[in-house]
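Accompanying notes for the structure given below.
The values are calculated or read from the model by the stated rules, or taken from the named source; none is laboratory data. Treat the numbers as computed from the prediction; the structure is a model and nothing was measured. So basically every Cβ, Gly included, is an ideal-geometry build from the backbone, and we count neighbours across all protein chains shown. Side chains included, ligands, DNA and RNA excluded: accessible areas come from the protein's heavy atoms. Shrake-Rupley method; radii C 1.70, N 1.55, O 1.52, S 1.80 Å.
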Amino acid sequence: QSDDGPALFEAIIAQGGEGIMAKRREGLYRPGKRHSDWLKVKGVQEESFLVVGLTKGTGWRESLFGAVVLAKYADLRGTLVDVGEAGTGFDNRSLQAVLAATHPLRQSRPPAGIAPRKDILTWLQPKLLADIKFHAKTEDERLRFPVFMRLRLDR
């Protein structure tokens, strides 16, 4: 019996982990079966990333864009690394705000360090930041379950 769950959770998140599994104290272990006695407790992190591209939209977003392509600086020399893309978290207002903010930053090629892709609608100069929430990062710095929160027009 331990009450160190919150401390363990914070330590796992601080080390870049996604979260922990927790079991109700009275719950039984049932081999091979899912049960509500066990809970997956995920941490959510938030960070600002550079918006370096927009993917093509489908369905009702075909005339807009599908996702923002995200990057961060890997070192002090300004080397960019692709960290993934966020296609959820948008409403009509934020979709329009992203389109307006990215219009003057459009360019024909990906920024240096970012690999070309066929699903890109527009490449952008790496000058615009977006706040993104996510659960964790993979070993190669890709975001797990990224969700767009807001543009950072103040930075």
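Of note:
- Unsatisfied cross-links (Cα-Cα over 27 Å) in the set 42/127; 23/72; 33/133; 42/118; 40/133: 42/127; 23/72; 33/133; 42/118
- Subtracting the Cα-Cα distance of residue 155 and residue 125 from 0.36 nm times their residue separation leaves 9.3 nm of extension gain.
- Between region 1-61 and region 83-103, the alpha-carbon center distance in angstrom: 25 Å
- Loop sites in region 1-81: trypsin sites (Lys or Arg not before Pro), DSSP, at most 10 other Cβ within 10 Å: 25, 33, 34, 77
- Loop-located chymotrypsin sites (Phe, Trp or Tyr not before Pro) in region 1-84 (DSSP state other than H, G, I, E, B) with a sparse environment of at most 11 neighbouring Cβ atoms within 10 Å: 29.
- Protein accessible area in the chain, 1.4 Å probe - carbon and sulfur %: 52 percent
- The chain, accessible area per residue, ligands and nucleic acids excluded (1.4 Å, Å²): 64 Å²
- For the pair residue 107 and residue 74, the difference between a 0.36 nm per residue extended length and the Cα-Cα distance amounts to 9.7 nm.
- Converting phi to 3J(HN,Hα) with the Karplus coefficients 6.51, -1.76 and 1.60 and the offset θ = phi - 60°, region 81-87 yields 10, 6, 10, x, 8, 10, x Hz in sequence order, with x at every glycine or proline.
- Computed from phi, the 3J(HN,Hα) profile of region 50-59 under the Karplus parametrisation 6.51, -1.76, 1.60 (θ = phi - 60°) reads 6, 9, 10, x, 10, 8, 5, x, 10, x Hz, with x in place of Gly and Pro.
- Evaluated at q = 0.18, 0.19 Å⁻¹, a Debye calculation over the C-alpha positions of the chain (equal weights, vacuum) places log10 I(q)/I(0) at -1.04, -1.12.
- Positive minus negative residues near residue 31 (Lys, Arg vs Asp, Glu; Cβ under 14 Å): +3
- Here the gap between residue 97 and residue 145, fully extended at 0.36 nm per residue and compared with their Cα-Cα distance, gives a gain of 15.1 nm.
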